[in-house]
1. How many residues are among the basic types (Lys, Arg) and touching an Asp or Glu at 6+ places or on another chain (Cβ under 9 Å) when one looks only at region 121-157?
2. Hey, can you tell me all the residues within region 60-91 that are within 16 Å of the ligand (Cβ to nearest atom) and open to solvent by less than 20 Å² (accessible area, probe 1.4 Å)?
3. Confirm whether LYS11 is at pLDDT below 95 and within 16 Å of the ligand (Cβ to nearest atom).
4. Working only within region 38-59, note down all residues that are closer than 15 Å to GLU217 by Cβ and within 9 Å of the ligand (Cβ to nearest atom).
5. Considering only region 167-208, state which residues are of a type outside the set (A, V, I, L, M, F, W, C) and open to solvent by 20 Å² or more (accessible area, probe 1.4 Å).
Amino acid sequence: MAMIRFENVTKRYRGTKRPALSAVDFEVQAGEFVFLVGASGSGKSTCLRLILREDVPTSGRVAVLGRDLRSLANRKVPYFRRHIGSVFQDFRLLPSKTVHQNVAFSLQVIGASRGFIQQAVPEALALVGLEGKGKRMPHELSGGEQQRVAIARAIVNRPKVLLADEPTGNLDPATSVGIMQLLTRINAGGTTVVMATHEAAFVDQMQRRVIELKNGEMVRDELGGGYGDTSNIPRLTPEAVRGAAAAAALTAVQEVQRETSAVPVLRPDADSGSASQSAAPAAATSAPAASAPAASSPAAPPAAAPVAPTEPHTAAAPPEEPPGVGPRTNPIIIPEVEVAELGVADRLGLSDADDDEEVGPTT
Ligand code: ADP
């Protein structure tokens, strides 16, 4: 199932000559990890805003989670966004709330029960490596830890898609490695991740799908690609440092991939014959990480073992124990939800009685 689909999307902002996006066309399948790259002003944030339905295209069509966003009524946008987590460069934590309260907030606004919140928040904090730090205030944390809180908040509701806009943009290379590792882990749990970034070195090393924008046009869509021409990208960190960090990131990411491939529950192999499989390069690198290459010499493409996209478990799994998900210590796993069920009964057991014909599945 396509999680995100851009069909010939053009976006012109009022009062601007050149479109921010021109005839952009791509599809992201469930379980993919996609880097969105390009110089500042190339249209990356505009893409993310369209996915979140913060804005609408001037022409063309954006479909997310099987929904044509053009026909999504405004009052339904909040329900739709429950299924999408967002992380930003500047963390956007509530400064006067504790870590726990920041993460709990995403659940409170959707009416989750206190009992559920008390269970889900510590779980999410543990997942991001902040176990026991729920009582801290954001200013008592490092930048990397603050970003982990933001990630916990983004995933506590178990979104199907995680959007990350320059999530390492304010972090030093070593800290960024940990964030990349965390995003990889979340992706390995089945969450589709789209990350806009300037971090050429990470993109080069991680060998994931790369969509490159240039002046609003899509100039590249490559599986397992590198960053490409980086001459226009400002570099804030010396090459050697970036290279070392990127090599460390690759090693870290490969560790996560090995680790997750050893947990069978993460890859339900039952009848995973979905058409999306061939198009979903949620590849687990299995190449040895022994000699992590420097950033200047691109790694040989690691042997890719296809990871089966998570298949539908059940449409409306209860939040406490989604069937087939296994031990609760595993990374968050997002059961597939059929299009028709989206917004009707999400995993928190809430219902918005969505039987409105204007919001139907796209074909
Ligand atoms: P990126 O995220 O790659 O830096 P953006 O999507 O933010 O790129 O911007 C793409 C283009 O659209 C830029 O030329 C930018 O100036 C323009 N743009 C972005 N947002 C607006 C807006 N709200 N109004 C007018 N122009 C905008």
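The values are calculated or read from the model by the stated rules, or taken from the named source; none is laboratory data. Everything numeric here is computed off the predicted structure, so don't read it as measured data. When we count neighbours, we look across all protein chains shown, and the Cβ atoms used for this are built from the backbone with ideal geometry, even at glycine. Side chains are part of the model used for accessible areas, which takes the heavy atoms of the whole protein and leaves out ligands, DNA and RNA. Shrake-Rupley method; radii C 1.70, N 1.55, O 1.52, S 1.80 Å.
1. Result for region 121-157: 2.
2. Residues satisfying the conditions are VAL62, VAL87.
3. For LYS11, the condition - at pLDDT below 95 and within 16 Å of the ligand (Cβ to nearest atom) - is not met.
4. Answer for region 38-59, where residues must be closer than 15 Å to GLU217 by Cβ and within 9 Å of the ligand (Cβ to nearest atom): GLY38, ALA39, GLY41, SER42, GLY43, LYS44, THR46, CYS47.
5. GLY169, ASN170, ASP172, PRO173, THR175, GLN181, ARG185, HIS198, GLU199, ASP204, GLN207
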